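**Q** Structure provided below as structure tokens; questions to follow.
Read-outs throughout are calculated quantities, based only on the coordinates presented, and are distinct from any laboratory measurement. Everything numeric in this text was worked out from a predicted model, so none of it was measured. Glycine also receives a Cβ, built like all others from the backbone with ideal geometry; neighbour counts cover every protein chain displayed.
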Amino acid sequence: MSSETKSSAGDKHETGRAMIQLEREKLGNQIRTVELNYQKLISIKEQKTSISISLGSVVITDRANYYIAIATDFCELNSKVFYCISSLSPMGKLLIGKNRGERIKFKGVESTILEIK
């Protein structure tokens, strides 16, 4: 930032400084998001298992498998794919509070909840 100096032509609204400031703000927001996700994951570890789907549940359906925590990439465990979704996502909102054996319908596709861990 200190190396960006104003030229005699005015440097068109100090474009270099403005771009650096925008990048710093973007990185700051990314850091805050990571910190919030970390705090959410820590709180999940402290929760007890329940019969109905809640934050921290692993959900096995006849169509797909989900880990309800934070929205991130999928993960693979024992040759099974698990989609890591937020409880605030459309699918997360649909699953929260459901029990084993219940059916859900998402985008016209029906699934049955087989297991909740």
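**Q** Exceeding 32 Å between C-alpha atoms, which entries from my cross-link table qualify? They are 26/80; 80/107; 26/117.
**A** 26/80; 26/117
**Q** For the residue pair residue 76 and residue 89, what label-to-label distance in nm results when each label sits 7 Å from Cα along the Cα-to-beta-carbon direction?
**A** Going from the residue 76 label point to the residue 89 one covers 1.8 nm.
**Q** With an 8 Å cut-off on Cα pairs and a minimum separation of 6 or more residues, tell me the relative contact order of the stretch 58-116 in percent.
**A** Dividing the mean separation by the residue count of the stretch 58-116 yields 35 percent.
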